[in-house]
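Participant: Next up is a structure, given as structure tokens.
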Amino acid sequence: MLKLSCNVTDHLHTFFSNPHRFFIPVHRRTGTISYSQVRNDPLPTILTTDQGNSNVLRRDSDSPVDRLRFGRLMEDGFSYKEKFIVRSYEVGINKTATVETIANLLQEVACNHVQNVGFSTDGFATTLTMRKLHLIWVTARMHIEIYKYPAWSDVVEIETWCQSEGKIGTRRDWILKDCATGEVIGRATSKWVMMNQDTRRLQRVTDEVRDEYLVFCPREPRLAFPEENNSSLKKIPKLEDPAQYSMLGLKPRRADLDMNQHVNNVTYIGWVLESIPQEIIDTHELKVITLDYRRECQQDDIVDSLTTSEKLDESVSKLTGTNGSAMLDKQGDNESQFLHILRLSENGQEINRGRTQWRKKPSR
């Protein structure tokens, strides 16, 4: 029997003994939840006022998902945490989780967060107004920093929260911790924009949609990367021909398509890594990846992955504690940095551009 870390067994006992206690924030101006009928639960959802707190609702549900999921909404109603066990099919040759596994877990905990607070599961967290107007969220930028890769059977806790990002979209952040030690092993941030599902064109976020999700966002900005001039903000220049390394003719599999009918954003990470030189793969591990998504990719598209080495920055983020804080430190000789572009083979249109930073693999 697998022994769980981070007092997971105690957590499960508490969770199963009282599985119905979930807190959903109420709009502070109106005292009511904006769209309690958005949920697609097969069982009825009953909302009751939590005595002593007029700004909180309790959701009573007998859904098996709610009972079995190792996740919970924090009592402030804005942050969500969930624990995951790294499984054998999620690790690579080093018996540690792959970056695609990390990205998939980030996506999973984000979807579970918004489902928990009442958003629709149709189209990745669409609000009631978005569903009426056939609008969906699509990724504009993803930035992931991994300080230590979890190994097979490790338990990882991921915290996530969402907030407004100007007038054009939303921002979602994550912090990853090793449950056995409490150490922060990674952080991530992302930007999302709204697209019309029928026309496939981007659309400005309306006040009506913004009011529907802002009720679940922190009142004050909270950033996974609060450091000034951190690497998540850096502009990625376009990689120009000729590239040093390339992998041509990549074609999406049917399994690469998501519920929004386009290639899932995690698939792009795998395509970017396909053109990394083998000597880097053999001796280094991915430290930081930043991707700017410029157009969606369909099932019939054929993609070229191009990579060129880039001069190392003078400083990069380096974890120094267990609370997610970071400081700047000079890179050593054991690190490498690359620029990337994914483009359509047919006409060269840019799909995605990225930057990766690599460090020497630790001795095991």
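The values are calculated or read from the model by the stated rules, or taken from the named source; none is laboratory data. Worth saying up front: this structure is predicted, and the values here are computed from it rather than measured. We place every Cβ from the backbone using ideal geometry, glycine too, and count neighbours over all the protein chains shown. When the accessible area is computed, the model is the full protein with side chains, heavy atoms only, and any ligands, DNA or RNA have been set aside. Shrake-Rupley method; radii C 1.70, N 1.55, O 1.52, S 1.80 Å.
Participant: Mind listing whichever residues of the stretch 138-193 are out of contact with any Lys or Arg (no Cβ under 9 Å at 6 or more places or on another chain) and acidic (D, E)?
Facilitator: D154 - this is the single residue of the stretch 138-193 that is out of contact with any Lys or Arg (no Cβ under 9 Å at 6 or more places or on another chain) and acidic (D, E).
Participant: With respect to L328, is the statement that it is in a strand (DSSP E or B) and at pLDDT below 95 true? Outline the logic, then answer.
Facilitator: Numbers: in a strand (DSSP E or B): yes; at pLDDT below 95: yes.
So L328 passes the test.
Participant: Give me the pairs: first residue in the stretch 275-291 and of a type in the set (K, R) and assigned to a strand (DSSP E or B), second residue open to solvent by 20 Å² or more (accessible area, probe 1.4 Å) and at pLDDT below 95, beta-carbon distance under 8 Å, and six or more apart or on different chains, which are they?
Facilitator: K287/E335
Participant: Against the definition (small (G, A, S) and over 20 Å from A103 (Cα atoms)), how does S190 come out, yes or no?
Facilitator: Judged against the criteria, S190 is not a match.
Participant: Would you be able to say whether some residue in the stretch 182-192 is in a loop (DSSP other than H, G, I, E, B) and either farther than 30 Å from V91 by Cβ or not small (G, A, S) (or both)?
Facilitator: Residues of the stretch 182-192 that are in a loop (DSSP other than H, G, I, E, B), as a first pass: 182-183.
Filter again for either farther than 30 Å from V91 by Cβ or not small (G, A, S) (or both), leaving 183.
Yes, the conditions are met somewhere in the stretch 182-192.
Participant: Answer yes or no as to whether T290 is open to solvent by less than 10 Å² (accessible area, probe 1.4 Å) and over 27 Å from T127 (Cβ atoms).
Facilitator: Against the criterion (open to solvent by less than 10 Å² (accessible area, probe 1.4 Å) and over 27 Å from T127 (Cβ atoms)), T290 qualifies.
Participant: Picking from I175, I158, which residue would you name as being touching a strand residue (DSSP E or B) at 6+ places or on another chain (Cβ under 7 Å), over 17 Å from V114 (Cβ atoms), in a strand (DSSP E or B) and among the aliphatic types (A, V, I, L, M)?
Facilitator: I175
Participant: Something else about it: Among the residues of the stretch 142-186, write down those that are open to solvent by 20 Å² or more (accessible area, probe 1.4 Å) and either at positive phi or touching a Pro at 6+ places or on another chain (Cβ under 6 Å) (or both).
Facilitator: If the condition is that a residue be open to solvent by 20 Å² or more (accessible area, probe 1.4 Å) and either at positive phi or touching a Pro at 6+ places or on another chain (Cβ under 6 Å) (or both), then S153, G166, G182 are the ones that fit.
Participant: Restricted to the stretch 294-322, and to residues that are assigned to a strand (DSSP E or B) and modelled with pLDDT of 95 or more, which residue is farthest from E346 (Cα to Cα)?
Facilitator: Keep residues of the stretch 294-322 that are assigned to a strand (DSSP E or B), which gives 303-309, 316-319.
From the residues that got through so far, the ones that are modelled with pLDDT of 95 or more too are 303-309.
Values: V303: 8, D304: 9, S305: 13, L306: 15, T307: 18, T308: 21, S309: 25 Å.
Going through the qualifying residues, I end up with S309.
Participant: Could you figure out which of (1) in contact with a strand residue (DSSP E or B) (Cβ under 9 Å, 6 or more places away or on another chain); (2) in a helix (DSSP H, G or I) isn't true of Q107?
Facilitator: All conditions pass for Q107, except number (1).
Participant: If you go through the stretch 117-131 one residue at a time, do you hit one that is open to solvent by 20 Å² or more (accessible area, probe 1.4 Å), assigned to a helix (DSSP H, G or I) and under 24 Å from G77 (Cα atoms)? Quick ask: steps written out before the conclusion?
Facilitator: Taking the stretch 117-131 as the starting set, the residues that turn out to be open to solvent by 20 Å² or more (accessible area, probe 1.4 Å) are 121-122, 124, 128, 131.
Add one more test, that the residue is assigned to a helix (DSSP H, G or I), and what stays is 128, 131.
The next check asks that each one be under 24 Å from G77 (Cα atoms); those that pass are 128, 131.
Yes, the stretch 117-131 contains a residue that is open to solvent by 20 Å² or more (accessible area, probe 1.4 Å), assigned to a helix (DSSP H, G or I) and under 24 Å from G77 (Cα atoms).
Participant: Pick from E228, E220, E240, E183: which is free of Cβ contacts under 8 Å to residues at least 12 places away in the same chain and either of a type in the set (A, V, I, L, M) or closer than 25 Å to K148 by Cβ (or both)? Talk me through it step by step, then tell me what you get.
Facilitator: Values: E220 fails: either of a type in the set (A, V, I, L, M) or closer than 25 Å to K148 by Cβ (or both); E240 fails: either of a type in the set (A, V, I, L, M) or closer than 25 Å to K148 by Cβ (or both); E183 fails: free of Cβ contacts under 8 Å to residues at least 12 places away in the same chain.
E228 is the lone residue from the list that is free of Cβ contacts under 8 Å to residues at least 12 places away in the same chain and either of a type in the set (A, V, I, L, M) or closer than 25 Å to K148 by Cβ (or both).
Participant: Scan L176, L135 and give me the residue that is closer than 30 Å to T199 by Cβ and hydrophobic (A, V, I, L, M, F, W, C). Spell out the reasoning first.
Facilitator: Details: L176 fails: closer than 30 Å to T199 by Cβ.
Matching residue, one of L176, L135: L135.
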